[in-house]
Amino acid sequence: MKLDLKRIAVTDGEALPFSYDTDLSKEEWNGEYPFRTPVHVEGEVRNHLGVLRLNATVRAQVETRCARCLAPVKVDLETPCSMILSADVQNDERDDIYQLEGDSVELDDIAVPAMLLEIPMTYLCRPDCKGLCPTCGSNLNEGPCGCSGRQIDSRLAVLQKLLDHDG
Ligand SMILES: [Zn+2]
Ligand SMILES: [Zn+2]
């Protein structure tokens with residue numbers, strides 16, 4: 001959403017609230033398209049002693065897969081976002097200043113990157129997810145698959161071979 005800042009740019013204490021939904025269904029993240037429902041952005045831009053500060057909250061539902069067992073995972077993500085809007089950025093090292101061009105600001109350009117930064121690279125379906133068996137691919141959350149015993153056996157066999165060699 002484009003926000004026209006003219007009304008508050010010259011008056012100390014004035015604020016412009018905003019609340020809107022944005023469609024990020026085509027936004028790629030980590031090889032997936034996790035935003036299947038609209039992402040909600042709300043907050044305000046306030047003129048405080050001539051400085052325009054944006055404060056917003058971005059609410060998104062992330063639909064992805066568990067990094068261990070690949071089960072579908074839906075997570076509600078709430079990201080706070082705070083930024084100073086300035087037409088005249090002297091220190092471009094600061095990442096809390098957004099360079100304004102003209103009298104308006106495209107809120108998506110601030111809110112969406114802030115939200116994407118906060119998404120963890122991996123999600124688990126539950127903290128103690130046991131994942132998939134590397135040998136047979138069974139979901140170990142549903143019970144043991146019978147491979148683990150054999151794996152230990154094969155390791156013992158290697159050890160046995162080494163011992164045989166020494167002796
Ligand atoms: Zn899992
Ligand atoms: Zn297995």
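Of the residues in the stretch 6-25, how many are touching a Phe, Trp or Tyr at 6+ places or on another chain (Cβ under 7 Å) and either surrounded by fewer than 17 Cβ atoms within 10 Å (Cβ to Cβ) or assigned to a strand (DSSP E or B) (or both)?
Looking only at the stretch 6-25, we keep the residues that are touching a Phe, Trp or Tyr at 6+ places or on another chain (Cβ under 7 Å), and these are 24-25.
With either surrounded by fewer than 17 Cβ atoms within 10 Å (Cβ to Cβ) or assigned to a strand (DSSP E or B) (or both) added as a condition, the list becomes 25.
Final tally of qualifying residues: 1.
Within the stretch 59-94, restricting attention to residues that are part of a loop (DSSP other than H, G, I, E, B) and of a type in the set (Asp, Glu), the residue that is nearest to ligand 2 (Cβ to nearest atom) is 93.
In the stretch 135-167, what residues are modelled with pLDDT under 90 and within 16 Å of ligand 2 (Cβ to nearest atom)? Steps first, please.
Going residue by residue through the stretch 135-167, those that are modelled with pLDDT under 90 are 146-167.
146, 147, 148, 149, 150, 151, 152, 153, 154, 155, listed by residue number.
The listed residues are 105, 62, 75, and the only one of them that is within 16 Å of ligand 1 (Cβ to nearest atom), of a type in the set (Val, Ile, Thr), surrounded by 15 or more Cβ atoms within 10 Å (Cβ to Cβ) and in the same structural domain as residue 41 (by TED's automatic domain parsing) turns out to be 62.
The values are calculated or read from the model by the stated rules, or taken from the named source; none is laboratory data. If you're wondering where the values come from, they're calculated on a predicted model, not measured in any experiment. Because the Cβ atoms are built from the backbone with ideal geometry, glycine has one as well, and the counts that use them run over all protein chains shown.
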